[in-house]
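Asks: Before I ask anything, here is the structure I am working with.
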Amino acid sequence: MKIVIQKFGGTSVSTEERRLLVLEKILDAKKNGYSPVVVVSAMGRKGDPYATDTLLSLLDKHFKESNLQATDLLMSCGEIISTVVMSNELNKRCIDSVPLLGGQSGIITDNNFGKASVINVDTKKLLPILNEKKIPVVAGFQGITEDGYITTLGRGGSDVTACILGSALNANKIEIYTDVDGIMTADPRIVKNASLIKEISYNEVFELAYQGAKVIHPRAVEIAAKSNIPLVVKNTLNHCSGTIINKDGNEKYNSVITGIANMNNRVQINVSLADNDGNSNYFNILNTLGENKISIDLINVFPNKKIFTINKNQFIPFSIMMKNLNIKYSYEDNCSKIALIGNGIKDVPGVMATILKTLTKEGIEILQTADSNTTIWCLVKTPSSVAAINALHRDFNLENKYNCIKD
Ligand code: ADP
Ligand code: ASP
Ligand code: MG
């Protein structure tokens, strides 16, 4: 049996018109000899009646923070609605389908409500459905604990559902359908002439996703990579061939930078030895942050100061911790971390020089930089981030780099 997992994101299932396009994709897969397993997200985006954010807005902040299990139960409802509605659409075309909760499809998780990890996938339920030539329509983003409580897998987690099922069923491919043509050189909402990347390696997409490109969940990419299952990101709304993600990508494009991602809401912290003279806590600060589960990045340690960034939502616990340790610091709020990613970065001289030249020419202040084998980061103030990303995209010639042939 040739199995394809077809995951449809929130905007793909948001209206009846779009659900008909979803139906076409499922029928096409069947016509091509595949047994589809469909995974759906909650309909629409914030403000739409059954979208995850809309459901979350029904609860107050305190309840959400102190009742993670109940919050997961509410959050899971959006996907459950989509599952049954999509099954109804299939039924109208006389196609047999079985709507399933994540747990009913066999996804067992730990009890880390809100960000559960999958500990087992039992394919006993799905295989007989597929053998009967019916289409399972699985609610994405959710699983069940061993003692029967519904969990969610972290925001954007329907991609994880698709890949975890793909891996468990040893699918021939996993298709992620969304509202853009595939993985682009930058978020098309930020860079108007971002181009479609036709073929790219798992590790570059993982890095793009991990650094903020919301188009796919990094954990989903990791799972597909481990099983070496081809992952395709496509547009529900057209017939563009999309992006194929595989082990090696396509070296023919031969680019230094493959794409640019961006993360807002960063706060840059600067702790200097001079301000904390005589305070021994200063020397353990990075360990203490780790022990308090405050994650930091862009870490630069100098003899006389330590600079790093944290997420804005950790600033309050961070400031409480610093007060308790009697450590003084200065900070720069409202920063964005821009990541330039590409397997071609290593061994190519002058990449950082181009970045500095481009941003300086645009009059954009660079607060910090860092680099690894595949990624170069620069921290800028958020109001200049869009201009920075566009300028970098232009100067690294990412416009019209890959051509999407639409049919
Ligand atoms: P879905 O509901 O289908 O899961 P998401 O909103 O999670 O959709 O992801 C799709 C969005 O990701 C696009 O609308 C696009 O704005 C955004 N995005 C961010 N970075 C990229 C990128 N590099 N390529 C394509 N889309 C991107
Ligand atoms: N509906 C969930 C979210 O908004 C999961 C998903 O869309 O993948 O995060
Ligand atoms: Mg998504």
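Rule-based calculations on the coordinates, nothing more; no lab input. What you are looking at is a predicted structure, and each value in this text was computed from that prediction instead of being measured. Here Cβ is always computed from backbone atoms with ideal geometry, including for glycine, and neighbour counts include all displayed protein chains.
Asks: I'd like the FRET efficiency for residue 325 and residue 110, computed as 1/(1 + (r/R0)^6) with the beta carbon distance as r and R0 of 30 Å, rounded to 0.05. Before the final figure, lay out each step's value.
Replies: Values: r = 32 Å, r/R0 = 1.07.
Plugging the Cβ-Cβ distance into 1/(1 + (r/R0)^6) gives 0.40.
Asks: May I ask you to compute the full-extension gain from residue 394 to residue 264, defined as 0.36 nm times their residue separation minus their alpha-carbon distance, rounded to one decimal in nm?
Replies: On the way: separation 130, 0.36 × 130 = 46.80 nm, distance 2.08 nm.
Length gained between residue 394 and residue 264: 44.7 nm.
Asks: When the distances between all Cα atoms of segment 263-380 are binned every 5 Å from zero, what whole-number percent does each bin get?
Replies: 2, 10, 20, 20, 18, 13, 9, 6, 2, 0
Asks: Which percent, to the nearest 5, of DSSP beta bridges fully inside the chain are antiparallel? Before the final figure, lay out each step's value.
Replies: Working: 40 of 69 bridges.
Roughly 60 percent of the beta bridges in the chain run antiparallel, per DSSP.
Asks: Still on this structure: How long are the semi-axes of the equivalent ellipsoid of segment 313-407, defined as square roots of 5 times the Cα gyration tensor eigenvalues? Whole Å, largest first. Walk me through the intermediate numbers first.
Replies: Numbers: eigenvalues 211, 47, 43 Å².
Computed over segment 313-407, the values are 33, 15, 15 Å.
Asks: Within a Cβ distance under 9 Å of residue 157, other residues only, what is the Lys/Arg minus Asp/Glu net charge?
Replies: On the way: positive: 115, 155, 219; negative: 159.
Summing Lys and Arg as +1 and Asp and Glu as -1 gives +2.
Asks: So how tilted is helix 77-92 from the main axis of the chain? Cα-based, degrees 0 to 90, rounded to 10.
Replies: The angle comes out at about 30 degrees.
Asks: Moving on to the next point. What ranking do 38, 85, 118 get, fewest neighbouring Cβ atoms within 10 angstrom at the top? Walk me through the intermediate numbers first.
Replies: On the way: 38 29, 85 17, 118 24.
The fewest-first ordering by Cβ neighbours comes to 85, 118, 38.
Asks: Could you grab the relative contact order for the chain? Cα pairs under 8 Å, six or more apart, rounded to a whole percent. Kindly include the intermediate steps, with their values, before the conclusion.
Replies: Numbers: 886 pairs, mean separation 57.5, N = 407.
With pairs under 8 Å counted, the relative contact order is 14 percent.
Asks: Continuing with this model, one more query. With a 10 Å radius around each residue's Cβ, average the other Cβ atoms per peptide and rank 269-276, 88-95, highest first. Can you show the working numbers first?
Replies: Numbers: 269-276: 16.1, 88-95: 13.5.
Per-residue mean Cβ counts within 10 Å order the peptides as 269-276, 88-95.
Asks: Another question, if that's okay. Between residue 241 and residue 88, 0.36 nm times their residue separation minus their Cα-Cα distance comes to what? The partial results should precede the final answer.
Replies: Details: separation 153, 0.36 × 153 = 55.08 nm, distance 2.76 nm.
Computed gain between residue 241 and residue 88 is 52.3 nm.
Asks: Sticking with this structure for a sec: Evaluate the Kirkwood expression for the hydrodynamic radius of segment 49-134, namely the inverse of the mean inverse distance over all pairs of different C-alpha atoms, and round to one decimal in Å.
Replies: Details: mean 1/r = 0.0677 Å⁻¹.
Computed over Cα pairs of segment 49-134, the Kirkwood hydrodynamic radius comes out at 14.8 Å.
Asks: Report Rg(Cα)/(2.2 N^0.38 Å) for the chain, keeping two decimals.
Replies: Numbers: Rg = 22.7 Å, N = 407, 2.2 N^0.38 = 21.6 Å.
It is 1.05.
Asks: Taking the Cα atoms only, what angle lies between the long axis of helix 158-168 and the longest principal axis of the chain, rounded to 10 degrees?
Replies: Value to nearest ten degrees: 60.
Asks: Below 8 Å, C-alpha to C-alpha, sequence gap of six or more: please give me the relative contact order for segment 211-327 in percent. If you can, show how the numbers build up before the last one.
Replies: On the way: 102 pairs, mean separation 26.0, N = 117.
Reported as a whole number, the value is 22 percent.
Asks: Can you give the extra length, in nm with one decimal, that the chain gains between residue 373 and residue 56 once fully stretched, where that is 0.36 nm per residue apart less the Cα-Cα distance? If you can, show how the numbers build up before the last one.
Replies: Values: separation 317, 0.36 × 317 = 114.12 nm, distance 3.89 nm.
Taking 0.36 nm per residue and subtracting the Cα distance, the gain is 110.2 nm.
Asks: Here's something else I'd like to know. How far is it, in nm, from the label point at residue 65 to the one at residue 284 when both lie 7 Å from their Cα along the line to the Cβ?
Replies: 2.6
Asks: Using only Cα atoms, tell me the angle between helix 218-227 and the longest principal axis of the chain; keep it within 0 to 90° and round to the nearest 10.
Replies: Roughly 60 degrees, rounded to the nearest 10.
Asks: Suppose we keep just the DSSP beta bridges with both residues in segment 1-129; what percent of those would be antiparallel, to 5? Before the final figure, lay out each step's value.
Replies: Values: 3 of 10 bridges.
Roughly 30 percent of the DSSP beta bridges within segment 1-129 come out antiparallel.
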